[in-house]
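The values are calculated or read from the model by the stated rules, or taken from the named source; none is laboratory data. Every value quoted in this text rests on a predicted model; they were computed, and no experiment measured them. Reconstructed Cβ throughout: ideal geometry from the backbone, glycine too, with neighbour counts over all protein chains shown.
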Amino acid sequence: MTASNRKGTWVDYTVGQVAALANVTVRTLHHYDEIGLLSPSGRTPAGYRTYGAADLDHLHRVLAYRELGFPLEEIMAIVSDPDTDTMGHLRRQRDLLMSKVERLRGMVAAVDREIESRRMGITLTPEERFEVFGDWEPVPGYGEEAERRWGQTEQWRQAQDRMGSFDKEDFARMQAAQAEWVKELLAAVDEGSAADSERAMDLAERHRQLVGLLYDCSPAQHVGIARMYVSEPEQLNFLVRPDQQRPGLAEFICAAVRANAKRMGE
């Protein structure tokens, strides 16, 4: 916050001019003067007090710390520290601002998670969600993308209605059923079961029934879902955690679902 005339000579500012320049009130500047936080160092020939270059630099530091939430008493101690020069203040303000940015990012992430949960119909408290889902989190942005793609479908409406009525116990039962299903699926894959075996087709049918807890899912619709696991591998993360997946798992599920649909006459 410095200024000069066209010849390069510093021009002092009146209190009104500084108030307009710094976007503060004249009353604020008078208060800073009264408490000894910032006092104008110059005077006009008529006796009016004016602010010089050093005063405006001082004001800049005061307002920066004020913006960071420091009380005036603490700001007074900080800016009057003889061991801290202008560069020291700037570095400190930058560090404080970066800390504030990180806190704000954390707040944004928390709000995003809440938005994601509500988009997916998960209306549990944070404690209940953690108790049920542990450290599982939806893929960032999935709820918004899912609503964009399927928000106009009957299946989406059914899922939102049904999940909106679920309580903690309902979600816990779903999680337990899916975890057991994943365990048996991986065992079938690891033991070399054929995708068109009775074992694999029974697993496919159980998956269709799990989907059916959210919305009505015909065998033909189930085939479409299974194909998506192959064409969009990230979708498989909602079914099987990435650290549990095996090569060819999506293809196995897709083939088993097709075989089950055929067994059911579709």
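If you go through region 182-239 one residue at a time, how many are of a type in the set (A, V, I, L, M, F, W, C), in a helix (DSSP H, G or I) and more than 35 Å from the chain's Cα centre (by Cα)?
7
Within the set of pairs 6+ apart or on separate chains, which have a first residue in region 19-47 that is among the β-branched types (Val, Ile, Thr), a second that is modelled with pLDDT under 90 and assigned to a loop (DSSP other than H, G, I, E, B), and C-beta atoms under 7 Å apart?
Partner pairs satisfying both residue conditions: none exist.
For region 210-243, name all the residues that are surrounded by 13 or more Cβ atoms within 10 Å (Cβ to Cβ) and of a type in the set (S, T, N, Q).
SER218, GLN221, GLN235, ASN237
Filter region 40-73 for residues that are part of a loop (DSSP other than H, G, I, E, B) and more than 26 Å from ARG91 (Cβ to Cβ) and give the result.
PRO40, THR44, PRO45, ALA46, GLY47, TYR48
Between residues in region 224-251 that are modelled with pLDDT of 85 or more and residues that are assigned to a helix (DSSP H, G or I) and exposed (fewer than 12 other Cβ atoms within 10 Å of the Cβ), which pairs lie under 7 Å by C-beta distance while being six or more apart or on different chains?
Hits for this filter: zero, empty list.
Quick one: how many residues across region 51-74 are crowded, with 19+ Cβ neighbours inside 10 Å and of a type in the set (Asp, Glu)?
1
What is the number of the single condition among (1) hydroxyl-bearing (Ser, Thr, Tyr); (2) under 18 Å from THR25 (Cβ atoms); (3) at pLDDT below 85 that THR86 does not meet?
Of the numbered conditions (1) hydroxyl-bearing (Ser, Thr, Tyr); (2) under 18 Å from THR25 (Cβ atoms); (3) at pLDDT below 85, the odd one out for THR86 is (2).
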